[in-house]
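Colleague: Below: one structure in structure tokens.
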Amino acid sequence: MTPIVTLDGVSRRYGDKLALTDISMTVEEGTIHCLLGPNGAGKTTMLRVMAGLVGPSEGSLSVLGGDPFQHAIRSRIGWVPSDDRSFYMRVSGRENLLFFARLYGRGKRESTRLVDSLLEEVGLTDDAYKPVRGYSHGMTKRLAVARGLLGESPLLLVDEATHDLDIEGSRTIRALFRDLAERGSTIVWSTQRLEELPGLVDTVTVLDRGAVRFDGSLDDLVASVDRPVYRVAVRHEEGAADSAEFAAAALGESASVVGGEGHVLSIRLAATSELGAALRKLMDAGFEVLTCHEESGAIERAVEMRLGS
Amino acid sequence: MTTTASHIDRVFAFVRRDFKINWSYRAAFFGDILSLITQVVMFYFIGLMVDPNVIPEYGGRTTSYIAFAAIGIALGGFLQLGLGRVSSAIRQEQLMGTLEPLFMTPTSLGVLQVGLAFYDVIYVPIRTAVFLGAVALFLDLEFALSGALPTLVVILFFMPFVWGLGTLASAGIMTFKRGGAAMGLVVLALNVTSGAYFPLDLFPSWVTTIAQANPIAVAYQASRETLLGGAGWEAVTPHIPFMALSAVATLLAGSVAVRLALKREHRRGTLGAY
């Protein structure tokens, strides 16, 4: 595969504060690469460095085979900023897109056709003629996505595109980008929403306070965590005084009790055990299992582990 | 589309955008017309107090103060446009958060600068023509129509010079973020010391000496000689080489300054900051 973005020891300093520390990573062509991390992790700074809007204080980078600060490279990058304030608020969403389409060198007729089609793709056709100042956060975000696609760029840098969207809107935007990746575009996708990663992204960089905590495939990230923890609410026929101790004895080596309050236990399965077998052991020991659910998803646990929380 | 056609198309995209935005602020649009009328009225009353003998003669003709000032106000509009429009537009884009999206498009820096100001490049001459027409009509002033073409040539050389200064100013705005007040002061100082509103003879002699090497003062003087004195090309052509050289100098300096400012902002990561 061809690397589209390569960062080699990139650091970015703002005064005394290091926003990015010694970042090295690669994004391959035709993939969706996720930048994941909490607020202040450095995701937006990293995207801005890749976009050529901010230069690295140290290290080097190559984007689309060159320096993104060079106009010829930067203009081939599609940019979806997280900031709501990046439109002309007094004119309509459609007029905003038509303006930017012309700046991408498209003729009048082609601009109109492309803009109308993008407005439909992001679900803004009905609001196309409204001034942007009347748009909600989610609508502005969808407009930003449409603008990012105007250049039909080989690389798209997308900052929190689904942040303010409802479930349906978020799903539509994700499907749009997945489709673009399948057609050969490379996408760097910054997000805090873990639930949107499965089925969307191929590779992940977990960032924390400007440093890389993990860089690899989503499968590798998930595989790197401990076995899942389940919260099981139980009741014992004889009203066991200490459910945790009694349950631990019942589970034996199939699982360990890692916490619990009253009749709600947290149990972690052993490497070779299945949830059903462990619950069966509890029931055989006289426990009635009232509810059972996974304490946190695999990705969430993997990220938490990487972030040390 | 050829490269030139593509550049022109982009510039007109800016014009369309600015027309839509300006039209959405109708009160401000009509406020501008009102301020123009206010200026004329103010200068008319000042003119009543000014001794006509202190106003220079042009082409042997006595000139009224309002006629003298009208040329200053008209060219002052161009000065303000060239000096302040690009820098204020950049500042406005920074504030609106649209500067970075603009930089991400395949639009060259030169086209961006022209595009940001081009609506006014169209609007200001129309406004100036309407202003001079209204002054001539309502205040019974006579402008020499034969001087219109030579004056236009003066403006054609005056504008690139001022545009270069404006580009320098926009580099300053990009760097220091604030600068509206300073820019207003510079425009006022340049206008006054170039003889826009008052004859230079009224100023200390050193101001007059500086004015002789000031392309703005030269433009005011030449325009008055042609429009008020009825002089022809002979009043304009001797100044053209000097104005052209000045224009090249400021355009080059402005271009270098903007590139340096952009590099600095890139290094600091504060291009979109305000």
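Colleague: Quick one: in region A:111-132, of everything that is out of contact with any Lys or Arg (no Cβ under 7 Å at 6 or more places or on another chain) and touching a residue at least 12 places away in the same chain (Cβ under 8 Å), which residue is farthest from the other protein chains (Cβ to nearest Cβ)? Explain how you work it out, then say what you get.
Modeller: Taking region A:111-132 first, the residues out of contact with any Lys or Arg (no Cβ under 7 Å at 6 or more places or on another chain) are A:112-113, A:116-118, A:120-121, A:125-127, A:130, A:132.
Then drop every residue that is not touching a residue at least 12 places away in the same chain (Cβ under 8 Å), which leaves A:112, A:116, A:118, A:121, A:127, A:130, A:132.
Values: A:112: 13, A:116: 17, A:118: 15, A:121: 19, A:127: 17, A:130: 13, A:132: 11 Å.
In this case the residue turns out to be A:121.
Colleague: Mind telling me which of the residues B:195, B:184, B:172 ends up being of a type in the set (Gly, Ala, Ser) and assigned to a loop (DSSP other than H, G, I, E, B)? I'd like the intermediate steps shown before the answer.
Modeller: Working: B:184 fails: assigned to a loop (DSSP other than H, G, I, E, B); B:172 fails: assigned to a loop (DSSP other than H, G, I, E, B).
Every option except B:195 fails the conditions.
Colleague: Given the condition more than 13 Å from chain B (Cβ to nearest Cβ) and either outside any helix (DSSP H, G or I) or modelled with pLDDT of 95 or more (or both), answer yes or no: does some residue in region A:92-110 qualify?
Modeller: Among the residues of region A:92-110, not one is more than 13 Å from chain B (Cβ to nearest Cβ) and either outside any helix (DSSP H, G or I) or modelled with pLDDT of 95 or more (or both), which makes the answer no.
Colleague: All but one of (1) modelled with pLDDT of 90 or more; (2) crowded, with 21+ Cβ neighbours inside 10 Å hold for residue B:102; state the number of the condition that does not hold.
Modeller: Here residue B:102 clears every test but (2).
Colleague: Turning to a different aspect of this structure: Out of (1) more than 14 Å from chain A (Cβ to nearest Cβ); (2) surrounded by 19 or more Cβ atoms within 10 Å (Cβ to Cβ), the odd one out for residue B:126 is which?
Modeller: (2)
Colleague: Which ones in region A:157-169 are away from every other protein chain (no Cβ under 11 Å), more than 16 Å from residue A:136 (Cα to Cα) and touching a helix residue (DSSP H, G or I) at 6+ places or on another chain (Cβ under 6 Å)?
Modeller: Taking region A:157-169 as the starting set, the residues that turn out to be away from every other protein chain (no Cβ under 11 Å) are A:158-169.
Subsequent filtering for residues that are more than 16 Å from residue A:136 (Cα to Cα) retains A:158-159.
Result: A:159, single match.
Colleague: Quick one: would you say residue A:173 is touching a residue at least 24 places away in the same chain (Cβ under 8 Å), surrounded by 19 or more Cβ atoms within 10 Å (Cβ to Cβ), of a type in the set (A, V, I, L, M) and assigned to a strand (DSSP E or B)?
Modeller: On the way: touching a residue at least 24 places away in the same chain (Cβ under 8 Å): yes; surrounded by 19 or more Cβ atoms within 10 Å (Cβ to Cβ): yes; of a type in the set (A, V, I, L, M): yes; assigned to a strand (DSSP E or B): no.
Judged against the criteria, residue A:173 is not a match.
Colleague: Counting only residues that are modelled with pLDDT of 80 or more, within 30 Å of the chain's Cα centre (by Cα) and on the phi < 0 side of the Ramachandran plot, give me the helices (runs of 4 or more DSSP H) lying completely in region A:189-287 with at least 2 of them.
Modeller: Values: elements: A:218-223, A:243-251, A:275-284.
Qualifying helices (runs of 4 or more DSSP H): A:218-223.
Colleague: Which ones in region A:52-79 are within 20 Å of residue B:262 (Cα to Cα), touching a Lys or Arg at 6+ places or on another chain (Cβ under 7 Å) and of a type in the set (A, V, I, L, M)?
Modeller: The one that is within 20 Å of residue B:262 (Cα to Cα), touching a Lys or Arg at 6+ places or on another chain (Cβ under 7 Å) and of a type in the set (A, V, I, L, M): A:54.
Colleague: Is at least one residue of region B:5-28 part of a helix (DSSP H, G or I), away from every other protein chain (no Cβ under 14 Å) and on the phi < 0 side of the Ramachandran plot?
Modeller: Looking only at region B:5-28, we keep the residues that are part of a helix (DSSP H, G or I), and these are B:5-24, B:26-28.
From the residues that got through so far, the ones that are away from every other protein chain (no Cβ under 14 Å) too are none.
Within region B:5-28, not a single residue is part of a helix (DSSP H, G or I), away from every other protein chain (no Cβ under 14 Å) and on the phi < 0 side of the Ramachandran plot.
Colleague: Continuing with this model, one more query. For region A:25-57, give me each residue that is within 14 Å of chain B (Cβ to nearest Cβ) and on the phi > 0 side of the Ramachandran plot.
Modeller: So the first thing to find is which residues in region A:25-57 are within 14 Å of chain B (Cβ to nearest Cβ), and the list is A:42, A:44-57.
Within region A:25-57, A:42, A:52 meet the criteria.
Colleague: Any chance you could count how many residues in region A:78-91 are in contact with an Asp or Glu (Cβ under 7 Å, 6 or more places away or on another chain), facing another protein chain (nearest Cβ under 8 Å) and more than 15 Å from residue B:102 (Cβ to Cβ)?
Modeller: 0
Colleague: Continuing with this model, one more query. From the residues in region A:58-77 that are facing another protein chain (nearest Cβ under 8 Å) and surrounded by 17 or more Cβ atoms within 10 Å (Cβ to Cβ), which one is nearest to the chain's Cα centre (by Cα)?
Modeller: A:77
The values are calculated or read from the model by the stated rules, or taken from the named source; none is laboratory data. Note that this is a predicted model, so its numbers are computed, not measured. Glycine also receives a Cβ, built like all others from the backbone with ideal geometry; neighbour counts cover every protein chain displayed.
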